[in-house]
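Q: Before I ask anything, here is the structure I am working with.
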Amino acid sequence: MLALGWILICYLMLQGVTAVRVFSKPLSARLRKVVVFIWIRGSRRLMGMRVIVNGAPPKPPYFLVTNHLAWLDFYGVCGLLDAVGIVEEPIRRVPLIGALMSALDPIFVRRVKEDTPRVKALMVQAVKEGRSLLVAPETPETTILRGSGVRMFRGGLLDAAITAGKPVHYMSITYRTPQGYPPPSKAMIFGPNPYLSTPDGKIPESERAMYERQTFFQHLMKLFALPHFEFVITFGPEPISGTDRIELANKLHEAVTAIFTPIE
């Protein structure tokens, strides 16, 4: 209930600062981000999330790729990195949270080929405007259990970096829970992932079979039963450049895999 109340308070704060755009749109945009970062920091405390950083974040503006493990990734990354994220379109429609996430001005993407040119154009535009980009280009491959390894990277979303001639920075994320408590694979990962559905809207059975059938509420109960947990980010030492998107995707996948620590 505390978490829900906190979301509602921040949502109302967001509506208040949004009204400022009548006088100044840039000021309203900055204040909206401030509200979101306040929401994130408060949510971390309520959840018991501790953010651990290994290495140094790249200096903005940057193009950065990472692996993706759970919905909690957003809370760990947001506030630490001020970058344009590539976010699944359905999240925009989630009550309250959708509005808060939209305040960060992400690029919303639909998992259909027809949407790819639009997304690429927006990414190129963001790079040209000097904004930083954060992308999780993992494929919906289901032979690798989330957290046991890094799924292969798709090259399509790297076109913006190639077009702009920007090197690509990389990082990995993982989770740790206290000794004597359920491992991250049981407490952090909620599945099956609805965004890995096929074009006809069905979730592959191979994805379903990987996870316990539980409600999101049951998942939250496991999460809030932890005294705390660690969200660990490890930044790669040097960016990687390339002119071929497939080759670049494979190099980045190898680099992220090399610094990734599988969860239990």
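The values are calculated or read from the model by the stated rules, or taken from the named source; none is laboratory data. Keep in mind that what you see is a predicted model, and the values were worked out from it rather than measured. Backbone-built Cβ (ideal geometry, glycine too); neighbour counts: all protein chains shown.
Q: Which count do you get for residues in region 144-170 that are under 24 Å from Ala121 (Cα atoms) and either polar (S, T, N, Q) or in a strand (DSSP E or B) (or both)? Can you show your working first?
A: As a first pass, look at region 144-170 and keep what is under 24 Å from Ala121 (Cα atoms): 152-170.
If we keep only those that are either polar (S, T, N, Q) or in a strand (DSSP E or B) (or both) too, we end up with 153, 163, 168-170.
Residues that pass the stated criteria total 5.
Q: Name the residue, out of Leu69, Leu27, Leu100, that is in the same structural domain as Glu129 (by TED's automatic domain parsing), modelled with pLDDT of 85 or more and either more than 23 Å from Trp6 (Cβ to Cβ) or assigned to a strand (DSSP E or B) (or both). Don't jump to the end; show me each part of the working.
A: Details: Leu27 fails: in the same structural domain as Glu129 (by TED's automatic domain parsing); Leu100 fails: either more than 23 Å from Trp6 (Cβ to Cβ) or assigned to a strand (DSSP E or B) (or both).
Answer to the selection: Leu69.
Q: Answer yes if at least one residue in region 114-130 is within 14 Å of the chain's Cα centre (by Cα), over 24 Å from Glu230 (Cβ atoms) and surrounded by 15 or more Cβ atoms within 10 Å (Cβ to Cβ), and no otherwise.
A: No: region 114-130 contains no residue that is within 14 Å of the chain's Cα centre (by Cα), over 24 Å from Glu230 (Cβ atoms) and surrounded by 15 or more Cβ atoms within 10 Å (Cβ to Cβ).
Q: A further question follows. Could you tell me which numbered condition Pro58 fails, if it satisfies all but one of (1) under 14 Å from the mean Cα position of the chain (by Cα); (2) touching a residue at least 24 places away in the same chain (Cβ under 8 Å); (3) closer than 24 Å to Arg154 by Cβ?
A: Going through the list (1) under 14 Å from the mean Cα position of the chain (by Cα); (2) touching a residue at least 24 places away in the same chain (Cβ under 8 Å); (3) closer than 24 Å to Arg154 by Cβ, Pro58 breaks only (1).
Each row is one residue, and each column tells you yes or no for (1) surrounded by 14 or more Cβ atoms within 10 Å (Cβ to Cβ); (2) β-branched (Val, Ile, Thr).
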site	(1), (2)
Val17	yes, yes
Leu27	no, no
Arg32	yes, no
Ser43	yes, no
Asn54	no, no
Ala70	yes, no
Tyr75	yes, no
Val87	yes, yes
Arg92	yes, no
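Q: Moving on to the next point. Between a first residue in region 2-25 that is free of Cβ contacts under 8 Å to residues at least 12 places away in the same chain and a second residue that is polar (S, T, N, Q), which pairs have beta carbons less than 7 Å apart while being 6 or more apart in sequence or on different chains?
A: Filtered contacts from region 2-25: Val20/Ser28; Arg21/Ser28.
Q: Taking region 98-125, which residues are without any contact (Cβ under 8 Å) to a residue 60 or more places away in the chain and either aliphatic (A, V, I, L, M) or closer than 22 Å to Ser28 by Cβ (or both)? If you could, list the steps in order and put the result at the bottom.
A: Quick first cut of region 98-125, residues without any contact (Cβ under 8 Å) to a residue 60 or more places away in the chain only: 98, 102, 106-110, 113-125.
Within region 98-125, Gly98, Ser102, Pro106, Ile107, Phe108, Val109, Val119, Ala121, Leu122, Met123, Val124, Gln125 qualify.
Q: Then there's this: Kindly indicate the residue of region 72-97 that is in contact (Cβ under 8 Å) with a residue 40 or more places away in the chain and assigned to a helix (DSSP H, G or I) and also nearest to Ser43 (Cα to Cα) among those meeting that condition.
A: Once the filter is applied, the top-ranked residue is Tyr75.
Q: Return yes or no: is Glu205 exposed (fewer than 14 other Cβ atoms within 10 Å of the Cβ), at pLDDT below 90 and not aromatic (Phe, Trp, Tyr)?
A: It is true that Glu205 is exposed (fewer than 14 other Cβ atoms within 10 Å of the Cβ), at pLDDT below 90 and not aromatic (Phe, Trp, Tyr).
Q: Give me a count of the residues in region 249-264 that are more than 18 Å from the chain's Cα centre (by Cα) and part of a loop (DSSP other than H, G, I, E, B).
A: So the count comes out to 1.
Q: Any idea how many residues of region 226-248 are part of a loop (DSSP other than H, G, I, E, B) and either acidic (Asp, Glu) or surrounded by fewer than 17 Cβ atoms within 10 Å (Cβ to Cβ) (or both)?
A: 7
Q: Out of (1) modelled with pLDDT of 85 or more; (2) over 20 Å from Phe235 (Cβ atoms); (3) of a type outside the set (A, V, I, L, M, F, W, C); (4) in a loop (DSSP other than H, G, I, E, B), what's the single condition that is false for Gln125?
A: All conditions are met except number (4).
Q: Next question. Just to be sure I understand the filter: pairs with C-beta atoms under 6 Å, separated by 6 or more residues or on different chains, first member in region 238-254 and in contact (Cβ under 8 Å) with a residue 40 or more places away in the chain, second member small (Gly, Ala, Ser). Which pairs pass?
A: Arg245/Gly155; Ile246/Gly155; Leu248/Gly242; Ala249/Gly155
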